[in-house]
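Q: Have a look at this one before I ask anything.
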Amino acid sequence: MRFPPAPVFALLVLASLAWAQEVDPKATSPSAKAINSPSQPAIALQPDASGAVPPEQIRQLLTVAEKKDLENDKRLRDYTYVERDEEHRLDEHGNVVKTEIRTSEVLEIYGEQIEKLIAKNDKPLSEEEARKEDDKVQKIIDKRRNESENDRRKRLEKEDKQREEDHKFVLEIADAFDFRLLGSETVDGYDCWVLQAEPHPGYQAKERDAKMLSKFHGRVWIDKVDAQWVKLDVTALDTITFGVFLARIHKGASVEVEQTRVNDEVWLPRHVKARLDAKLALVKTYRMDIDQTYRDYKKFRTESKITVVGETQ
């Protein structure tokens with residue numbers, strides 16, 4: 001992805017992690033097999049006498065979904081896939097002034113996610129461009145293969161620290177929003193519960209970055225049988241300013257994310273749509289529509305090269 005880092009972080013963190021509310025991996029939790037087992041009974045939401053679903057039932061559903069989402073994140077590291085990014089730059093009137101399409105193969109090399117560009121504007125790369133991409137990947141492989149134990153330990157510790165900070169951020173979502181059941185809807189063939197999330201009045205963020213949560217609202221679609229989130233739709237309710245470079249996301253910026261079941265073992269991204277209206281460093285304005293698709297998930301293991309051991313159904 002090639003967007004301004006600060007604005008996109010806010011939107012895509014919410015799209016990727018919101019509603020996940022990931023638990024501490026050290027905490028006691030069901031095994032991966034149990035979490036993703038299709039035989040696990042569905043969580044039924046039962047309205048009370050007033051017709052409202054008790055918050056405890058909705059929280060239970062979200063708790064199961066968040067644990068499964070954590071496992072999905074871990075299992076994603078076992079897959080390569082193809083990502084197509086279509087970006088439409090817009091003028092102040094919303095007219096498209098430039099379109100750029102980039103298609104990449106996403107690889108996992110020694111625990112590091114690498115994008116290898118394979119097409120631009122839906123046309124294959126030239127021989128020279130393809131060779132440069134191959135060389136880029138090989139350099140990373142060689143670097144990681146020859147990495148010292150000390151460097152590897154520092155790199156993994158840094159990644160663990162970032163992961164821990166991300167977990168703290170998402171753990172606040174349960175307190176930041178009030179969830180309401182809207183009903184049922186079929187998404188991509190899956191029968192889902194539809195939940196509306198609105199900022200909780202009086203919410204006080206514990207983590208600094210979590211302050212932005214009160215300026216978003218949205219909906220989440222959760223599969224009734226698997227208790228996996230299938231679709232998210234998140235919109236900014238107000239202008240958000242944050243980050244070292246004083247990035248701003250303007251009111252109305254939005255992200256919609258859809259997931260799909262892969263290999264009967266994991267739910268992974270299928271489609272992302274975003275409308276971004278932001279300003280970076282209070283100088284450069286970004287207005288764009290973004291459309292991303294993910295396909296050709298293939299399971300693999302990697303040492304010094306990528307080895308496919310299975311394909312999606």
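Q: For residues in the range 178-209 being among the hydrophobic types (A, V, I, L, M, F, W, C), surrounded by 15 or more Cβ atoms within 10 Å (Cβ to Cβ) and under 12 Å from residue 58 (Cα atoms), which is modelled with the lowest pLDDT? So that I can check it myself, show each step before the final result.
A: Pass one, the range 178-209, residues among the hydrophobic types (A, V, I, L, M, F, W, C): 179, 181-182, 187, 192-195, 197, 205.
Filter once more, keeping what is surrounded by 15 or more Cβ atoms within 10 Å (Cβ to Cβ): 179, 181, 187, 192-195, 197, 205.
If we keep only those that are under 12 Å from residue 58 (Cα atoms) too, we end up with 179, 181, 193-195, 197.
Working: 179: 82, 181: 85, 193: 88, 194: 91, 195: 87, 197: 88.
Looking at residues that are among the hydrophobic types (A, V, I, L, M, F, W, C), surrounded by 15 or more Cβ atoms within 10 Å (Cβ to Cβ) and under 12 Å from residue 58 (Cα atoms), I get 179.
Q: For the range 248-268, name all the residues that are part of a strand (DSSP E or B) and of a type in the set (D, E, K, R). Break it down into steps so the answer makes sense when it comes.
A: Just the residues of the range 248-268 that are part of a strand (DSSP E or B), to begin with: 248-249, 254-262, 266-268.
Within the range 248-268, 248, 256, 258, 261 qualify.
Q: Still on this structure, I have one more. Can we say residue 256 is at pLDDT 90 or above, surrounded by 15 or more Cβ atoms within 10 Å (Cβ to Cβ) and within 21 Å of the chain's Cα centre (by Cα)? I'd like the intermediate steps shown before the answer.
A: On the way: at pLDDT 90 or above: yes; surrounded by 15 or more Cβ atoms within 10 Å (Cβ to Cβ): yes; within 21 Å of the chain's Cα centre (by Cα): yes.
Considered against the rule, which asks whether it is at pLDDT 90 or above, surrounded by 15 or more Cβ atoms within 10 Å (Cβ to Cβ) and within 21 Å of the chain's Cα centre (by Cα), residue 256 comes out as yes.
Q: At pLDDT 90 or above, under 20 Å from residue 183 (Cβ atoms) and assigned to a strand (DSSP E or B): does that describe residue 234?
A: Working: at pLDDT 90 or above: yes; under 20 Å from residue 183 (Cβ atoms): yes; assigned to a strand (DSSP E or B): yes.
Against the criterion (at pLDDT 90 or above, under 20 Å from residue 183 (Cβ atoms) and assigned to a strand (DSSP E or B)), residue 234 qualifies.
Q: I need a count of the residues in the range 189-229 that are of a type in the set (S, T, N, Q) and assigned to a helix (DSSP H, G or I). Reasoning before the result, please.
A: Of the residues in the range 189-229, the ones of a type in the set (S, T, N, Q) are 196, 204, 214, 228.
Subsequent filtering for residues that are assigned to a helix (DSSP H, G or I) retains 214.
Of the residues in that region, 1 qualify.
Q: So which residues in the range 210-225 are touching a Pro at 6+ places or on another chain (Cβ under 8 Å) and surrounded by fewer than 22 Cβ atoms within 10 Å (Cβ to Cβ)? Explain how you work it out, then say what you get.
A: Restricting attention to the range 210-225, the residues satisfying the condition of being touching a Pro at 6+ places or on another chain (Cβ under 8 Å) are 213-217, 225.
Of everything in the range 210-225, those that are touching a Pro at 6+ places or on another chain (Cβ under 8 Å) and surrounded by fewer than 22 Cβ atoms within 10 Å (Cβ to Cβ) turn out to be 214, 215, 217, 225.
Q: Still on this model: Condition first: at negative phi, surrounded by fewer than 16 Cβ atoms within 10 Å (Cβ to Cβ) and at pLDDT below 75. Now tell me which residues in the range 44-62 satisfy that.
A: Across the range 44-62, the qualifying residues are 44, 47, 48, 49, 50, 52, 55, 59.
Q: Still on this structure: State whether the residues of the range 81-103 include one that is over 17 Å from the mean Cα position of the chain (by Cα), closer than 30 Å to residue 146 by Cα, assigned to a strand (DSSP E or B) and not hydrophobic (A, V, I, L, M, F, W, C).
A: Checked against the condition, which is being over 17 Å from the mean Cα position of the chain (by Cα), closer than 30 Å to residue 146 by Cα, assigned to a strand (DSSP E or B) and not hydrophobic (A, V, I, L, M, F, W, C), the range 81-103 yields at least one hit.
Q: Is one or more of the residues making up the range 77-86 of a type in the set (Asp, Glu), within 19 Å of residue 231 (Cβ to Cβ) and at pLDDT below 75? Working first, answer last.
A: Start the filter on the range 77-86 by keeping residues that are of a type in the set (Asp, Glu), which leaves 78, 83, 85-86.
If we keep only those that are within 19 Å of residue 231 (Cβ to Cβ) as well, we get 83.
Imposing the further condition that a residue be at pLDDT below 75 reduces the set to none.
There is no residue in the range 77-86 that is of a type in the set (Asp, Glu), within 19 Å of residue 231 (Cβ to Cβ) and at pLDDT below 75.
Q: When both residues are 6+ apart or on different chains and their Cβ atoms are under 6 Å apart, which pairs have a first residue that lies in the range 190-213 and is touching a residue at least 40 places away in the same chain (Cβ under 8 Å), and a second that is of a type in the set (Phe, Trp, Tyr) and assigned to a strand (DSSP E or B)?
A: From the range 190-213, the pairs are 195/179; 197/177; 197/179.
Q: Enumerate the pairs (first residue in the range 89-110 and on the phi > 0 side of the Ramachandran plot; second residue anywhere and of a type in the set (S, T, N, Q)) with beta-carbon separation below 8 Å, excluding pairs fewer than 6 apart on the same chain, so at least 6 apart or on different chains.
A: 110/302
Q: So is residue 273 touching a residue at least 12 places away in the same chain (Cβ under 8 Å), buried (at least 17 other Cβ atoms within 10 Å of the Cβ), among the basic types (Lys, Arg) and at negative phi or not? If you could, list the steps in order and put the result at the bottom.
A: Details: touching a residue at least 12 places away in the same chain (Cβ under 8 Å): yes; buried (at least 17 other Cβ atoms within 10 Å of the Cβ): yes; among the basic types (Lys, Arg): yes; at negative phi: yes.
Yes.
Q: On the basis of being buried (at least 16 other Cβ atoms within 10 Å of the Cβ), among the hydroxyl-bearing types (Ser, Thr, Tyr) and either under 17 Å from the mean Cα position of the chain (by Cα) or assigned to a strand (DSSP E or B) (or both), does residue 241 make the cut?
A: Numbers: buried (at least 16 other Cβ atoms within 10 Å of the Cβ): no; among the hydroxyl-bearing types (Ser, Thr, Tyr): yes; either under 17 Å from the mean Cα position of the chain (by Cα) or assigned to a strand (DSSP E or B) (or both): yes.
When the stated conditions are applied, residue 241 does not pass them.
The values are calculated or read from the model by the stated rules, or taken from the named source; none is laboratory data. Since the model is a prediction, treat every value here as computed from it, not as a measurement. Glycine gets a Cβ as well: all are built from the backbone with ideal geometry, and neighbour counts include every protein chain shown.
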